[in-house]
Structures are given as C-alpha cells and as structure tokens.
1. Please find, within region 271-290, the residue that is farthest from ligand 1 (Cβ to nearest atom) out of those that are in a helix (DSSP H, G or I) and buried (at least 24 other Cβ atoms within 10 Å of the Cβ).
2. Being over 16 Å from residue 9 (Cβ atoms) and without any contact (Cβ under 8 Å) to a residue 60 or more places away in the chain is the filter; apply it to region 291-308 and report the residue that is surrounded by the most Cβ atoms within 10 Å (Cβ to Cβ).
3. Check 141, 205 and return the single one that is within 14 Å of ligand 1 (Cβ to nearest atom) and in contact with a helix residue (DSSP H, G or I) (Cβ under 8 Å, 6 or more places away or on another chain).
4. From 30, 66, which residue is farther than 19 Å from residue 282 by Cβ, touching a helix residue (DSSP H, G or I) at 6+ places or on another chain (Cβ under 6 Å) and not in a loop (DSSP other than H, G, I, E, B)?
5. Hey, could you check region 232-270 for residues that are farther than 26 Å from residue 134 by Cα and part of a loop (DSSP other than H, G, I, E, B) and say which is farthest from ligand 1 (Cβ to nearest atom)?
6. Please verify whether region 120-127 includes one or more residues that are assigned to a helix (DSSP H, G or I), crowded, with 18+ Cβ neighbours inside 10 Å and away from ligand 1 (no atom under 15 Å from the Cβ).
7. Would you kindly identify the strands (runs of 3 or more DSSP E) lying entirely within region 134-231 that contain at least 2 residues that are within 15 Å of the chain's Cα centre (by Cα), in contact (Cβ under 8 Å) with a residue 40 or more places away in the chain and over 20 Å from residue 113 (Cα atoms)?
8. Is it the case that residue 275 is touching a helix residue (DSSP H, G or I) at 6+ places or on another chain (Cβ under 9 Å), within 16 Å of ligand 2 (Cβ to nearest atom) and modelled with pLDDT of 95 or more?
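The values are calculated or read from the model by the stated rules, or taken from the named source; none is laboratory data. Predicted model, so just to flag it, every value in this text is computed and none were measured. Positions of Cβ are generated from backbone atoms using ideal geometry, with glycine treated the same way; all protein chains shown enter the neighbour counts.
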Ligand code: HPA
Ligand code: ZN
C-alpha cells in the first residue's frame, strides 16, 4: 500500500508554503541572514511544536517565517518543498503565501513573488512538477489592509492563480472580506477560503454566498448543518481536508475520530492535503498513509480522492488530461 500511495499521482491544493519551512532550513536561513532564533537546536524547534489550537500554532508559524528575507530565501523555501513533494509522488502543488506576514516585516511583495515564482518555473523544468500560486489574506487583519494588498499586487495579477483567506478564524467571518473578494472576482481571480476549521458551519455558507469561492479549505465542520452538506454535495464544491493538521491543532483528538468517513459517506468532494507539513508531522504521503492506518481505505478510495484534487486544481486542461 505504501508503494501504491507513493506512486499515486497526487495534487496538493492546500499548502501554506511558509508552513513547509523545516527547522533545518530555518537554522540555515537564520545564519545566512543574521536572524536570532529563540531555539538552540533543530530538536528544540521540533519539541516546541506542541499546539493547543490554531492560534498557538499561528504564533510559532509567524515567528518561524522571520528568517525569510530575500528572494533567494523564498526560492529555497519553495524549491526544497517541491523536491520533497516530488519524491512523495506529488505532481502538482498549489502553494498559498501570506504577503501581509512579510510586508509587515518590511519584505517587499516583489521579493516574495520573484523568489516563489522562480522556484515554480524551475520545478516544472527540472521535476515536471506543475504548480499554482494562491495569495492569501490574513483574516485577523482589516479588510482595508487586504484591499490595499490586492491593489499592491497589480503587477503580479497575471502570476496569481487565486486569492485565499487564512489565519485566525474565530471572530473573523468571511463576510468581513466580501468587498475584497468581489474586487478579486471582478479582476477574474478565482477564490478559495479557509472556513469551518475552528469556525462554525455558517462561515462555510458565508464563504460560498458572499465570497463566491470555488473550494473550501478545511470545511470539516459542515456536518453540523445538513442543509449545507446537501448544497456542497449538489454543487460538488471541493473541500481541502488536512488530516494531520486537524489532529495537531486539536480540531479532532485522534485521526480515527476524524469526520472523514462521514464526509465521504455524505458524498462530498474531498481532497487530502498537508496544510503546514513542517509543523504538523508530514507531507502529502504521510497524510495519505495516516488515513490508510486510521480508516483502512481501499486503493479505489485513494484513487477517487486523488482524482478529485486533479479535477479541482488550477491547471491547464492539457495538464489535467495528462494527469487523469
Ligand atoms: N489555518 C488557518 N490559517 C493558517 C493555517 C491553518 O491551518 N496555516 C497557515 N495559516
Ligand atoms: Zn490552511
């Protein structure tokens, strides 16, 4: 089964590239840039990754990314991830990045995008791995700031495949960003949003109705509203599920208690993803393997999940035909 899961062509639709920063790269970039780290060793960093909830993770996630300063740093971050993903049988990655988390530290947008897109081009040339770029807004900052970031990204609109919404969910409903997403829509940019990870099912409905998203990131709490589930099924709106993330952020106590079997049973369009692999105990393959251990799914189930991701991906029809 492990061989099968490795060979299965996997597309990853929910990946925060800053969350792919492994402690080893964190240390080498800290040294390269003269950034002081509050840790003495790689082991100390890993030991600190013991989270109670989303916010306790976000605190370390924003702290860790302080080592990213130059375009080369963003390039190395993404290229390191693409190489690991490729080795795990990942054929397409949709990486989200958080421009505000870098702008607020004085790192310009062009530095971020230049480094990431250079790695995306090299990964396609060297590894045959395709990718898409999702610019995410931080929902715990103001809508006005997000609007400013969208405007500031004007030179890069052509390079951005979608906009997203992430960071601390509770108290920051999708409706707060209705105007920003309306503008993104007017610009022809597809939209995705985190909803129903820690927040209620009503946030998923808001993301659908007020942000007109084509996918929901997480969405595990949709089961609390049967009418919403029926609508998600009817519209075949994909959910990007992140099994190990949900365990590490205590959305569920253990993977065998995860609602994944119920979500599948409901007929929802599901995909498996790693979210923040450096923080949550593994990449795509680890997530697939953990589901096999927890749920004993057949090869057919994994084939269906992998196909869902390819069908829901931002990729050319030629690439989709090649992968399906
Ligand atoms: N949820 C919300 N925001 C995030 C996450 C997440 O899992 N990872 C990085 N930013
Ligand atoms: Zn996420």
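1. 288
2. 291
3. The match here is 141.
4. Matching residue, one of 30, 66: 30.
5. 267
6. Yes: region 120-127 contains one or more residues that are assigned to a helix (DSSP H, G or I), crowded, with 18+ Cβ neighbours inside 10 Å and away from ligand 1 (no atom under 15 Å from the Cβ).
7. Ranges flagged: 215-218.
8. Taking the combined requirement at face value, the residue satisfies it.
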